[in-house]
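Scroll down for the structure; my scribbles are underneath it.
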């Protein structure tokens, strides 16, 4: 029996780290590492776990998947692959603001299926700034809509967001599982969200203008890296789709493709490693340690029993509760933290008889969709607001929250309906 004292201490550490992260008193990675050190110290001192136990708290499969994917993406970015995609979409619009708006939204969502959200925001922002300046359009509608679509994009892919990687590894869901469970849902959510955003911003999109002549291929920075990195990215997706036949984990594929990208693209590995988002890597590692330490107190398993007791063995209620609780929590807390918190709770229900595929899908949707409700709900939103400020354009909290609340409620509302139909939850 674990003493109540250590349960309270570790729980307070967890809450403290969340508050530090929300208030931005220090960086996310530093906050998580501070929490990991405190959990290790108190956990070992109180005999809750040993030093040897603590060495197993970090799932290096997840970190391998994250780092491998980041390497492939960073190499592709060096060749201008994603920038060219954005420029082609803008050229496709033909100077029509409505078509341009839809193109920016779709490209933002597509790019975020393979890039980390902050990286996708940087690339889409660069292209959007250029074109709105050339056409003298108000960039705010395009920026904010792109940010919301980046947050939504990649919901149905294993590598679409860090929270997806966390859930996929812990739940044992493959790349094809994500597409099978949520692919149709994401496409419909794209249509619903773009439609809602278009009607909200229609009066601010600008007048039709003639686009200046430019060749999207001019966005290629290095042809050799461009074509070879595109080849590696295609290989990465194909291997993810055939994981069941390969007999290896997604982390092995990601790291293998990362090595292949470094080898055949002939880029400086030191430069690639410097550009990797180590902030996210260390945040996940530290927070994973905190959750694992708290799990040794049996607090999370007890919480799981209490939480799912409200569902009364109903897969319908358990799935809906997971979707909305994780979605609302992601409004205020990093969705990475929400995913790391919920995964052990849901995993503890393995023998409960619940439809766990539905529950896991609810968690995936909730953690992804709640992160675009306010300017402070996630890194992408804050980056979009920061970019607009640099362009001397201010966006009031209330104005953004109104848009974010509308789109989040539409997305979560449809997701509730979709999960019931997709997994046949009615009456279960």
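The values are calculated or read from the model by the stated rules, or taken from the named source; none is laboratory data. Because the structure is predicted, anything quoted here is derived from the model rather than measured. Here the Cβ is made from the backbone with ideal geometry for all residues, glycine too, and neighbour counts use every protein chain on show.
Residues checked against (1) surrounded by 24 or more Cβ atoms within 10 Å (Cβ to Cβ); (2) farther than 27 Å from residue 424 by Cα; (3) at pLDDT below 90:
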residue: 148; (1), (2), (3): yes, yes, yes
residue: 157; (1), (2), (3): no, no, yes
residue: 160; (1), (2), (3): yes, no, yes
residue: 169; (1), (2), (3): no, no, yes
residue: 178; (1), (2), (3): yes, no, yes
residue: 188; (1), (2), (3): no, no, no
residue: 199; (1), (2), (3): no, yes, no
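Here is a yes/no grid of residues against (1) touching a helix residue (DSSP H, G or I) at 6+ places or on another chain (Cβ under 9 Å); (2) modelled with pLDDT under 85; (3) under 25 Å from residue 189 (Cα atoms); (4) in a helix (DSSP H, G or I):
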{"site": "76", "(1), (2), (3), (4)": "yes, yes, no, yes"}
{"site": "82", "(1), (2), (3), (4)": "yes, yes, yes, yes"}
{"site": "86", "(1), (2), (3), (4)": "yes, yes, yes, yes"}
{"site": "95", "(1), (2), (3), (4)": "yes, yes, no, no"}
{"site": "103", "(1), (2), (3), (4)": "yes, no, yes, yes"}
{"site": "114", "(1), (2), (3), (4)": "yes, yes, yes, no"}
{"site": "120", "(1), (2), (3), (4)": "yes, yes, yes, yes"}
{"site": "127", "(1), (2), (3), (4)": "yes, yes, yes, yes"}
{"site": "134", "(1), (2), (3), (4)": "no, yes, no, yes"}
In segment 318-340, the residues that are surrounded by fewer than 23 Cβ atoms within 10 Å (Cβ to Cβ), within 18 Å of residue 19 (Cα to Cα) and either in contact with a strand residue (DSSP E or B) (Cβ under 7 Å, 6 or more places away or on another chain) or modelled with pLDDT of 80 or more (or both): 328, 329
Qualifying residue in segment 242-252 (condition: within 30 Å of residue 144 (Cβ to Cβ) and within 25 Å of the chain's Cα centre (by Cα)): no
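Give me a count of the residues in segment 31-49 that are surrounded by fewer than 17 Cβ atoms within 10 Å (Cβ to Cβ) and either part of a helix (DSSP H, G or I) or modelled with pLDDT of 90 or more (or both). Walk me through how you get there before you give the answer.
Our first condition is that a residue be surrounded by fewer than 17 Cβ atoms within 10 Å (Cβ to Cβ); within segment 31-49, this holds for 37, 41, 44-47.
Right, trim to either part of a helix (DSSP H, G or I) or modelled with pLDDT of 90 or more (or both) and you get 37, 41, 44-45.
Residues that pass the stated criteria total 4.
Yes/no matrix, rows are residues, columns are (1) buried (at least 17 other Cβ atoms within 10 Å of the Cβ); (2) under 25 Å from residue 323 (Cβ atoms); (3) at pLDDT below 70; (4) touching a strand residue (DSSP E or B) at 6+ places or on another chain (Cβ under 8 Å):
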| residue | (1), (2), (3), (4) |
| --- | --- |
| 356 | yes, yes, no, no |
| 361 | yes, yes, no, no |
| 365 | yes, yes, no, no |
| 368 | yes, yes, no, no |
| 390 | no, no, yes, no |
| 405 | no, yes, no, no |
| 411 | yes, yes, no, no |
Any chance residue 90 is farther than 30 Å from residue 136 by Cβ and in contact (Cβ under 8 Å) with a residue 12 or more places away in the chain: no
